[in-house]
1. Can you pull out every residue in the range 69-81 that is closer than 15 Å to residue 26 by Cα and either in contact with a helix residue (DSSP H, G or I) (Cβ under 9 Å, 6 or more places away or on another chain) or surrounded by 15 or more Cβ atoms within 10 Å (Cβ to Cβ) (or both)?
2. Which residue out of 130, 138, 165 is out of contact with any strand residue (DSSP E or B) (no Cβ under 8 Å at 6 or more places or on another chain) and either surrounded by 20 or more Cβ atoms within 10 Å (Cβ to Cβ) or farther than 24 Å from residue 75 by Cα (or both)?
3. Of all residues in the range 68-102, how many are in a loop (DSSP other than H, G, I, E, B) and at negative phi?
4. Output yes when any residue across the range 54-63 is touching a strand residue (DSSP E or B) at 6+ places or on another chain (Cβ under 9 Å), part of a loop (DSSP other than H, G, I, E, B), on the phi < 0 side of the Ramachandran plot and surrounded by fewer than 22 Cβ atoms within 10 Å (Cβ to Cβ), and no when none is.
5. Taking the condition modelled with pLDDT under 95, out of contact with any helix residue (DSSP H, G or I) (no Cβ under 9 Å at 6 or more places or on another chain) and in a loop (DSSP other than H, G, I, E, B), does residue 137 pass?
6. Among the residues that make up the range 103-121, is at least one of them farther than 30 Å from residue 191 by Cα, within 13 Å of the chain's Cα centre (by Cα) and assigned to a loop (DSSP other than H, G, I, E, B)?
7. Taking helices (runs of 4 or more DSSP H) that fall entirely within the range 166-277, which contain at least 2 residues that are over 30 Å from residue 7 (Cα atoms) and at pLDDT below 95?
8. Without any contact (Cβ under 8 Å) to a residue 12 or more places away in the chain and outside the structural domain of residue 50 (by TED's automatic domain parsing): does that describe residue 214?
């Protein structure tokens, strides 16, 4: 059995600066030992711990899709000791990855359903993984209509711009990209907060439509009533949480919400499940 505290060594293969403030970078890692890549078998929605020797480790959602082979991607926000050190690293440097950890989006349940993706800002990482997974040619016919609402404060803070543009041109996915505000005369997408665009663009809820929501707390708070108004069942609203996760395996107790540990029992929960838990997230 793999030691849950032992990370796999990986090499930085590529670094992409995502946002205009340069605080968000996507790291493409390759496993130094090919056997470790096979052991690191994950599904869209899971996270892992990025481990930097002498600095510590941080839990980050996996941004790559299981259908993308030969590498794994993480988008890292520069905001603390470990992430600041990671942002200063270069192509070819070595770190560790521990995982995969947590549960994942309920893909067996989502088969044959209409899927609505709602994301905001930095929290779009596991949603990128999900979109890539669903659009894989061998998977696309497993899902019905796919609608995506993704927003950021300004255009320069959107992640994965090339992929957003490519998805927007496809006819098998409906992209609704938005920003809170912009003075860019060439901006051709929506202007407005994510909850507003959700209310304007997304289809009404029914038993065959599921909403997958991941974003900052304020976005989630104001999106939920909109989904309620559209008629989405709380069993069909799936959310991904972050709540002070540290160890990733339910041992340190930092991320508990009532009897649940976000890192172990989550981070994916239905809204029906969250309604039964203390509002500590």
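1. Across the range 69-81, the qualifying residues are 71, 72, 73, 74, 75, 76, 77, 78.
2. From the options 130, 138, 165, the qualifying one is 138.
3. Residues that pass the stated criteria total 11.
4. no
5. In short, no.
6. yes
7. Here the list reads 217-230, 271-275.
8. no
The values are calculated or read from the model by the stated rules, or taken from the named source; none is laboratory data. In this text, all values refer to a predicted model and were calculated from it rather than measured experimentally. With ideal geometry, Cβ positions are generated from the backbone for all residues, glycine too; neighbour counts draw on all protein chains shown.
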